[in-house]
């Protein structure tokens, strides 16, 4: 059995538990994914379909070898489970069940070039009248020793648009008819962003 799926983040909503509690969930269109290749310790899955005119000959040949008519739009690899699937098989959202602990990997929203107050949440400078250092980083390094800026210093720069994995998320509901997965909490990325949902082997520091 496979341990994960490729999906698309549709957005957030809420569902109600049996006791009437509102549970915030992220809705993910997970799969169906076709098995493109099976390696020694991992399986390669494909999600979506590329237009033939936009696919390279290498991509078309790789898909044809697995018995697929079109090249997948997104290809990702997951660790193999107990039973290895065969190329051409279809993996659906049915591999998950309510209560499963999962981790979701996506690409965070890009925020462009930002200062240290927004990027790292530092306090900034004095807010008094006449001051000109409200949101500036202040001193970035001692002048005598080491006479340079230390590596890793928190500075203004590009924020977001990074690969991020959210751990300790729990599956609340599985809609196999519509290939939907309802996961408690927020996952990285914007609406319609590509995400990877994988079963979490054990408990994390979050859950």
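The values are calculated or read from the model by the stated rules, or taken from the named source; none is laboratory data. What you see is a predicted model; the values in this text were computed from it and never measured. Don't worry about glycine lacking a Cβ; one is built from the backbone with ideal geometry, like all the others, and counts go over all protein chains shown.
Go through the residues of segment 4-19 one by one and say whether even a single one is part of a helix (DSSP H, G or I) and touching a helix residue (DSSP H, G or I) at 6+ places or on another chain (Cβ under 9 Å).
Residues of segment 4-19 that are part of a helix (DSSP H, G or I), as a first pass: none.
Among the residues of segment 4-19, not one is part of a helix (DSSP H, G or I) and touching a helix residue (DSSP H, G or I) at 6+ places or on another chain (Cβ under 9 Å), which makes the answer no.
Can you tell me which of (1) within 21 Å of the chain's Cα centre (by Cα); (2) under 21 Å from residue 183 (Cα atoms) is the one residue 35 doesn't meet?
(2)
Report yes if residue 190 is assigned to a loop (DSSP other than H, G, I, E, B), within 30 Å of residue 47 (Cα to Cα), out of contact with any strand residue (DSSP E or B) (no Cβ under 7 Å at 6 or more places or on another chain) and in contact (Cβ under 8 Å) with a residue 60 or more places away in the chain, otherwise no. Give the derivation first.
Numbers: assigned to a loop (DSSP other than H, G, I, E, B): yes; within 30 Å of residue 47 (Cα to Cα): yes; out of contact with any strand residue (DSSP E or B) (no Cβ under 7 Å at 6 or more places or on another chain): yes; in contact (Cβ under 8 Å) with a residue 60 or more places away in the chain: yes.
The answer is yes for residue 190.
Yes or no: segment 169-177 includes at least one residue that is in a loop (DSSP other than H, G, I, E, B), free of Cβ contacts under 8 Å to residues at least 12 places away in the same chain and on the phi < 0 side of the Ramachandran plot.
Within segment 169-177, the first condition is being in a loop (DSSP other than H, G, I, E, B), and the residues that meet it are 176-177.
Filter once more, so that each one left must be free of Cβ contacts under 8 Å to residues at least 12 places away in the same chain: 177.
Narrowing further to those that are on the phi < 0 side of the Ramachandran plot: 177.
Among the residues of segment 169-177, at least one is in a loop (DSSP other than H, G, I, E, B), free of Cβ contacts under 8 Å to residues at least 12 places away in the same chain and on the phi < 0 side of the Ramachandran plot, which makes the answer yes.
Residues 146, 142, 85: which one is touching a strand residue (DSSP E or B) at 6+ places or on another chain (Cβ under 6 Å) and part of a loop (DSSP other than H, G, I, E, B)?
Values: 146 fails: touching a strand residue (DSSP E or B) at 6+ places or on another chain (Cβ under 6 Å); 142 fails: touching a strand residue (DSSP E or B) at 6+ places or on another chain (Cβ under 6 Å).
Criteria check complete, one pass: 85.
Tell me whether segment 45-55 contains one or more residues that are touching a helix residue (DSSP H, G or I) at 6+ places or on another chain (Cβ under 6 Å) and farther than 30 Å from residue 185 by Cβ.
Restricting attention to segment 45-55, the residues satisfying the condition of being touching a helix residue (DSSP H, G or I) at 6+ places or on another chain (Cβ under 6 Å) are none.
Checking segment 45-55: not a single residue is touching a helix residue (DSSP H, G or I) at 6+ places or on another chain (Cβ under 6 Å) and farther than 30 Å from residue 185 by Cβ.
State whether the residues of segment 198-206 include one that is part of a loop (DSSP other than H, G, I, E, B), without any contact (Cβ under 8 Å) to a residue 40 or more places away in the chain, at positive phi and not assigned by TED's automatic domain parsing to the domain that holds residue 92.
No, that holds for no residue.
Looking at segment 73-80, can you tell me whether even one residue there is under 24 Å from the mean Cα position of the chain (by Cα) and part of a loop (DSSP other than H, G, I, E, B)? Break it down stepwise before answering.
As a first pass, look at segment 73-80 and keep what is under 24 Å from the mean Cα position of the chain (by Cα): 73-80.
Among the residues that remain, those that are also part of a loop (DSSP other than H, G, I, E, B) are: 73, 80.
Taking every residue of segment 73-80 in turn, at least one turns out to be under 24 Å from the mean Cα position of the chain (by Cα) and part of a loop (DSSP other than H, G, I, E, B).
Results for (1) surrounded by fewer than 17 Cβ atoms within 10 Å (Cβ to Cβ); (2) within 16 Å of residue 42 (Cβ to Cβ), shown as yes or no for each residue.
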| residue | (1), (2) |
| --- | --- |
| 68 | no, no |
| 76 | no, yes |
| 82 | yes, yes |
| 87 | yes, yes |
| 91 | no, yes |
| 98 | yes, no |
| 109 | yes, no |
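Would you tally the residues in segment 112-135 being surrounded by 14 or more Cβ atoms within 10 Å (Cβ to Cβ) and either assigned to a loop (DSSP other than H, G, I, E, B) or without any contact (Cβ under 8 Å) to a residue 24 or more places away in the chain (or both)?
Selection size over segment 112-135: 6.
Taking the stated definitions as given, is residue 169 touching a helix residue (DSSP H, G or I) at 6+ places or on another chain (Cβ under 6 Å) and at pLDDT 90 or above? Show your work before the answer.
Values: touching a helix residue (DSSP H, G or I) at 6+ places or on another chain (Cβ under 6 Å): no; at pLDDT 90 or above: yes.
When the stated conditions are applied, residue 169 does not pass them.
Out of all the residues in segment 49-56, is one or more surrounded by 15 or more Cβ atoms within 10 Å (Cβ to Cβ) and within 27 Å of residue 169 (Cα to Cα)?
Step one: of segment 49-56, the residues surrounded by 15 or more Cβ atoms within 10 Å (Cβ to Cβ) are 49-50, 55.
Still in the running and within 27 Å of residue 169 (Cα to Cα): none.
No, segment 49-56 contains no residue that is surrounded by 15 or more Cβ atoms within 10 Å (Cβ to Cβ) and within 27 Å of residue 169 (Cα to Cα).
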